[in-house]
Structure formats: C-alpha cells, structure tokens
Amino acid sequence: MGQVYLGVSPADRKVAVKVIRPELAATPQFRARFAREVDAARQVGGFHTAQVVDADPDAESPWLVTAFIPGPTLQQVVTDDGPLAPQAVLRLGAGLAEGLAAIHRCGLIHRDLKPGNVIMAEDGPRIIDFGIVHAPGAETMTHTGAVIGTYAYMSPEQIRADPVTPAGDVFALGSVLAFAATGRSPFDATTVPAIIHRVTSEPPRLDGLDGSLYALVTACLAKAPADRPSTADVLARLSVVGPGSPPGVLARAVPPVPGTPPAVPPAVSAKPLPRRALLLGGAAAATAVAVPAYIFRPKSGKKKSASKSASSAAPSSAPDPTKPVARLAGHTGSIDCLAFGPDGRTLASGGYDNTLRLWDAATGRAITTYKGHTSNVMSVAYTPDSQALFTGGFDKTLRRWDLRTGAPLDVAASYDGEFDSVNCLAFSPDGTALAVGVGSRVEIVDPATGRSRATLTGHTGSMNHVAFGPDGKTVASVAADTGRHGTVRLWAADTGRLLKTFTADAEKNFSSVVFSPDGRTIAGAGPGVRLWDLSTGRPTATLTDRHSYVLTAAYRPGRAVIAGAGGNREPEARDITGKTISLWDLSTGRVASTLTGTMPDSNLTTSVSALAFSPDGSTLAASLNLAGVSKESDTSVQLWKLR
C-alpha cells in the first residue's frame, strides 16, 4: 500500500510514518482500505500494537503516524538467528494471544498475522499492519470470492473465501508459533497450489515440536474453526509460564551488519512544528524497522543457523554490494521480461524457452514453471491485487495465469496480424485496464474480458515498451520506429488520443519508457536515458555511462535513483559493459554506483535485457543473457540487495 519512514515528532519522539503510494492515493478502494486500517489501529491501541499518533486518510497523500517500536520482525529474528527455544515460543504465544484478544474485543479480525507482521520489541511482541483487518458484518472491501492474506498462514476458511471469524486468527497464531519454533511454516511447500492443498487438506508438519507447545499448536491448527481454542483458552494454556519461570528470550545489542551504513538518528527541528508536521526524507527517511535494536536468541544462548537457499547464502566476510546476492538459473533461452509481485514476495520471469517461471524473491528458490505459450514469452505483468499474471508472447497471444492455483486461466486475447507479437504489457494502478503492445500499436484491454477499449496508433515499428502513468490517466509508449529521431509518445488512456510526443535528436530509438513515481517526469532509455518534464514537454537531463545503448531502465521506489543497463551490441569478447548496471543519482545526474553481474567465462557478448525493483526498492533484479544462449549457465536472473 505504501512506504514507511522513520520520522520525529515536534517533541523529538521517534515515529513510524506510513504514506500511501501516489498511484494508489487516487483510488477510492485503497483510500477506503487505508481509512479502515487507521480506524482499526486506533481502536486497538495500547500495548499490543504500535499506538496511532496521528493520521489523515483524506489528505492528498494519505498518511498514518504511529509510535516507533524498535526491534526486528519475527521473520528477521528466525531467518538471521535461527528458531527460538521452546520456552521463548510459549512466551511469544502468550504475548500474541493477548494482542489478538485485544483486537477481537474491538470487534475486529486481523486476517494477516504472520512472522513479518510481528515486531519483537524488547518488552514484548507487537502486532502490526491492519491493512486487511475485517469487521464481521461490515461491507466487504474486496470482490466476492477474492482471497487476501498470506497463504502459508491463512486458515482453510479464509483460503476458501468463506466468512471469517476470530478463529481464523487463532489458526494463523498456530502457524506463526510453529515458524518461531522450527524456522518454517507448518504448511510450507514450493508452489502456491501445494500450500493451499496442505492448509485445506493435510495435517501440519510439526517436526521438532513436543510437549505443551506441540499440543497448543495442534489445537490452533484444527481444520474446523469450532475445534480451535479461543484466545482466552490459549492464554489459559500458557498460564504455566508465569513470573517464576526462567526467561525464555534473551536480548543482545546487534553490531552493524557488514556492508551496511550505520543507523542515522532522525533529524531534529529547531522550531516548533505545526500539528501533524513531521520531518521526512534526508537522514530521517530510513525504513522503520531497517536497523533492529535487539535480536532475540534461543534460551541456550547458542546460535542456531536457519536453513538458507544455496543461491542466497551469504559469505562470512563483508559482502560486496556491487555483486549479486543470488543467481536464479533455470531458463534455457534468453530472459526478456521480469516483474516483482505487488507484495514483493515473488518474482516472475519470461524467456525464449517458451516458459514463465515464478521465484521466491527472498530466497531465490524456484516456485513453479508455467507452460502454455508456443513461442517466446516476451512480456509479463502482475495484476495489482496479486491474484493473477498476464503474459504476452511471440505466438500472438495474451495469456492469464491464476496465482492461487497455478493453472492457466485462459487465452485472454489472440491477434492475427502478420507482426502481431505481444511485446509489452502494463497495468493501470487500479487494475481496471491493461496496455498491450501488439505489433506497432497499443491496445487498451479490459483484463476481465480481454476486449480492447481503445487502440493507439501512430508508431511505425514494433512496440518496445509501454507504461501507465501513476494516476492511470496516461499511457507512454516507445517502438522501433523508422526515421532519424527516437520518440516517446504520450496518450490519453481512456480515449487513445495522442497528447504529446517527446523527441530526441538521435538515430537510435528508445527501448523502454518509465514514469517517475510522482508523475512529473518521463524517461526514455536508449541512446542514454533522456528525461522530460511532463507538464512542459521540455528535456531536463540526459544520463550517460559506459553503455553505448541502454536497453532497459527503472526508477527505484522511494529514492531519486534510476537504474539502467544494456550493453554494446557489437560482438566484443567478454563485453564488460554488457553485464553492468548503472545507478544514477537524479540529484546530480551522475552514476552513483555500478553493479556487476556474474556470467560464465565466455567470448560471447553479454547484455541485460530487463530490470525490476521490488516494491520497497530494497532489491534489484536483472536478467543477464549471453548471445547464442543454449543452456542454463548462459542466462540467469540475478538479485542485488541495495543500501
């Protein structure tokens, strides 16, 4: 929904500031959801969550301010330091049950309790993120039959989109406690359909649990809501963990992580600030839980290593931030398109081996492979609600895939022109329109029916890239047009009317086009990265580096940074510029850092054909390909963790 910042109040108290993303602020559904989150957090308040300080759901950029709770999430604790000791898990369970009881007393159901939504504060756990909280009997905020939440921690009835009750939160509590004790969800699997099947039809995997903890978690994970204990029952079972019990959780200060900058204290204002005023940006614009103050260790004090994917295991020495942290291999043809899911949990890649692959964005582990296209997969786009993926191919089809079941839904549309390959896709922010680059035109398609609402014509060559503006009212496109000048075209999304043309005095066309997150600037990548002011149409900057041609570019969310990559297309041996990515600082127009991919020693030319940032801007994904790809080692998706 938004970005979270660390800020300070006028009295110099640390606060967490959540601001809705600009492209969602204009959407009534998201405003209503945000207002509901604010109302729910205010109702619960107290010790069990981060207390609301102030909020304005009706502002142009809606925001919510809560007390800042220092500490990592449970997900971070277990990933970094291993599972908790049994006694610590029981104490965690008591704290979470108490928090859920407070939520339920307000007539609310959280619906998304998971390790990432539990902050391990020094004085006890806090439940955060009320974005999908539900009040039984209230009008639903989603379409009938829609499923929202996190599958590995959902109850069976929530997956089936049946009416939810507080018992659903108790089921999630059982899964969270199992994760804390074992380092994995009790329904963990490599594909979404497998997770769904385990939650709804199989017993949980509780290896490593015994005694009272095993009995408690088993009771919470009963398939039937009526068979689960209430939060009061859970607290009664945990009453044996009283003041006389030995401490189950030990805290220690964490030294700075190698390769990361030290924590910067929030800026302090010398003047009284007006009501609701907060210091954002600059030194204060760190994510609220980016620098954990404490880490919680097992009772024994011996550090347990959480299992990690081989592709993402970190070396013992300080990592080189310019090198990738993971290399995802599996495609046997060039990878031409990438997209992160809106929640940042998954990454999709499409390749010239006719497949679409889904990866776990945190571990780099392969989740599943979708097969259906009969030729190259050239474009991919998630629906904004994370329920489906759309892909376009050289086989002239637009296909839709169900992320809940892993099954192809249908061929959403097919085209019969001689050059009608589906080269590029882009969703409007509200998900009601899909821009499809077909041949030398753009079709504005209804994603529910596959029918075209408007056709944008004017380009003379095959479409290279399309993008929706943050407000959803405009569409930008670039193509391999004939003529001497590269052009970017701006269209009205509803009527297809051409609004503006941005021209560069260059012989090469643009390969991709991106809007700045605030919608004020448009950028075309090709002969460098050219930036124009959208309101005036005037060029504002040209970003250049060692690449003779920039194939792809992307704005980094939350930062004034553009990433660009490509390569010299001449067949030079081990072309170093072909596997590098530049990060331009837009305040200076200069390259702030250069990332270098890892490729086999080869005399073939390397290129980066696609870039994608995770929604929070912390991870960059790039597809690296060698010319003449014939095996898995010649092509890969690589991930960088950014400071």
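Descriptive notes on the structure:
- Residue that is surrounded by the most Cβ atoms within 10 Å (Cβ to Cβ) [pool: residues in region 373-392 that are outside any strand (DSSP E or B) and not hydroxyl-bearing (Ser, Thr, Tyr)]: His373
- Qualifying positions in region 324-359 - outside any strand (DSSP E or B) and among the aromatic types (Phe, Trp, Tyr): Tyr352
- Condition met for Asp395 (part of a loop (DSSP other than H, G, I, E, B), in the same structural domain as Thr552 (by TED's automatic domain parsing) and modelled with pLDDT under 90): no
- On the stretch given as region 431-446, residues that are within 20 Å of Ala26 (Cα to Cα), surrounded by fewer than 23 Cβ atoms within 10 Å (Cβ to Cβ) and touching a Phe, Trp or Tyr at 6+ places or on another chain (Cβ under 8 Å) total 1.
- Residue check for Gly461: part of a loop (DSSP other than H, G, I, E, B) and either touching a residue at least 60 places away in the same chain (Cβ under 8 Å) or touching a Ser or Thr at 6+ places or on another chain (Cβ under 7 Å) (or both): yes
- Unique residue being in a loop (DSSP other than H, G, I, E, B) and in contact with a strand residue (DSSP E or B) (Cβ under 8 Å, 6 or more places away or on another chain) when the list is Asp430, Asp420: Asp420
- For the criterion of being surrounded by fewer than 18 Cβ atoms within 10 Å (Cβ to Cβ), in the same structural domain as Glu122 (by TED's automatic domain parsing), among the small types (Gly, Ala, Ser) and touching a Gly at 6+ places or on another chain (Cβ under 8 Å), Ala26 passes.
- Pick from region 52-75, criterion surrounded by fewer than 19 Cβ atoms within 10 Å (Cβ to Cβ) and not acidic (Asp, Glu), ranking: modelled with the highest pLDDT: Gln75
- Identity of the residue in region 5-14, surrounded by fewer than 21 Cβ atoms within 10 Å (Cβ to Cβ) and not acidic (Asp, Glu), that ends up modelled with the lowest pLDDT: Ala11
- Qualifying residue in region 495-508 (condition: crowded, with 19+ Cβ neighbours inside 10 Å and either closer than 25 Å to Leu338 by Cα or in contact with an Asp or Glu (Cβ under 7 Å, 6 or more places away or on another chain) (or both)): no
- Hey, Ala97 modelled with pLDDT of 90 or more and out of contact with any Leu (no Cβ under 8 Å at 6 or more places or on another chain) or not: no
- Which numbered condition Ala178 fails, given (1) out of contact with any strand residue (DSSP E or B) (no Cβ under 9 Å at 6 or more places or on another chain); (2) in a helix (DSSP H, G or I); (3) at pLDDT below 90: (3)
- Within region 30-48, residues that are more than 22 Å from Gly95 (Cα to Cα) and assigned by TED's automatic domain parsing to the domain that holds Asp471 have Cβ atoms under 7 Å from residues that are surrounded by fewer than 18 Cβ atoms within 10 Å (Cβ to Cβ) and at pLDDT 70 or above in no pair, counting only partners at least 6 apart in sequence or on another chain.
- Flag if Ala426 is of a type in the set (A, V, I, L, M) and under 23 Å from the mean Cα position of the chain (by Cα): yes
- Selection within region 128-152 - under 18 Å from Ile103 (Cα atoms) and either at pLDDT 75 or above or not in a loop (DSSP other than H, G, I, E, B) (or both): Ile128, Asp129, His134
- Looking at Ile119, Ile195, just one residue is at pLDDT 85 or above, in a helix (DSSP H, G or I) and within 22 Å of the chain's Cα centre (by Cα), and that residue is Ile195.
- Residue match in region 84-93 (condition: over 30 Å from Thr182 (Cβ atoms) and surrounded by 20 or more Cβ atoms within 10 Å (Cβ to Cβ)): no
The values are calculated or read from the model by the stated rules, or taken from the named source; none is laboratory data. Since we're looking at a predicted model, the values are computed, not measured. Cβ sites come from the backbone with ideal geometry, for glycine too, and all protein chains shown count toward neighbours.
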